[in-house]
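The values are calculated or read from the model by the stated rules, or taken from the named source; none is laboratory data. Every value quoted in this text rests on a predicted model; they were computed, and no experiment measured them. All Cβ positions, glycine included, derive from the backbone under ideal geometry; neighbour counts span all protein chains shown.
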């Protein structure tokens with residue numbers, strides 16, 4: 001066997017090939033995937049987003065996190081610690097991309113969810129006074145794809 005064949009077998013055996021399910025839109029994933037498999041699809045999107053962030057493919061990572069959040073909402077996990085964690089991840093990503101307004105909105109939404117369900121999101125300070133109810137930072141437009 002040549003080095004190329006060995007490398008190909010290695011890549012395939014470790015699952016580093018593209019997963020077509022993850023490449024579809026959130027709507028397509030919901031339509032084409034059994035409900036019981038959606039949590040594993042969400043996990044796959046999260047893992048893929050992390051890999052993309054490590055390779056500095058931030059735009060693609062953002063799209064994967066958006067799909068994961070939309071899927072969590074669709075299966076009734078909007079008010080969950082996992083969703084708040086995803087919102088914090090996308091907030092950090094938006095901050096790296098220079099999108100301060102979006103980063104602030106995701107962060108505030110994550111904090112509100114955490115306060116409602118009574119969880120601590122780690123290093124994020126959950127100061128009730130610092131979490132505005134319906135205010136947007138000056139000059140910011142509400143994130144159009146995600147509504148509270």
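Numerical summary
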| read-out | value |
| --- | --- |
| Counted residues, the stretch 20-36 - those being assigned to a loop (DSSP other than H, G, I, E, B) and either out of contact with any helix residue (DSSP H, G or I) (no Cβ under 7 Å at 6 or more places or on another chain) or farther than 19 Å from residue 76 by Cβ (or both) | 3 |
| Some residue of the stretch 118-127 being exposed (fewer than 14 other Cβ atoms within 10 Å of the Cβ), in a helix (DSSP H, G or I), at pLDDT below 90 and on the phi < 0 side of the Ramachandran plot | no |
| Residue within the stretch 136-144 that is modelled with pLDDT under 90, buried (at least 18 other Cβ atoms within 10 Å of the Cβ) and either part of a loop (DSSP other than H, G, I, E, B) or out of contact with any strand residue (DSSP E or B) (no Cβ under 9 Å at 6 or more places or on another chain) (or both) present | yes |
| For residue 101: the one exception among (1) modelled with pLDDT of 90 or more; (2) outside any helix (DSSP H, G or I) | (2) |
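Condition check ((1) surrounded by 17 or more Cβ atoms within 10 Å (Cβ to Cβ); (2) within 22 Å of residue 108 (Cα to Cα)) across all residues:
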position	(1), (2)
38	yes, no
43	no, no
52	yes, no
58	no, yes
65	yes, yes
70	yes, yes
74	no, yes
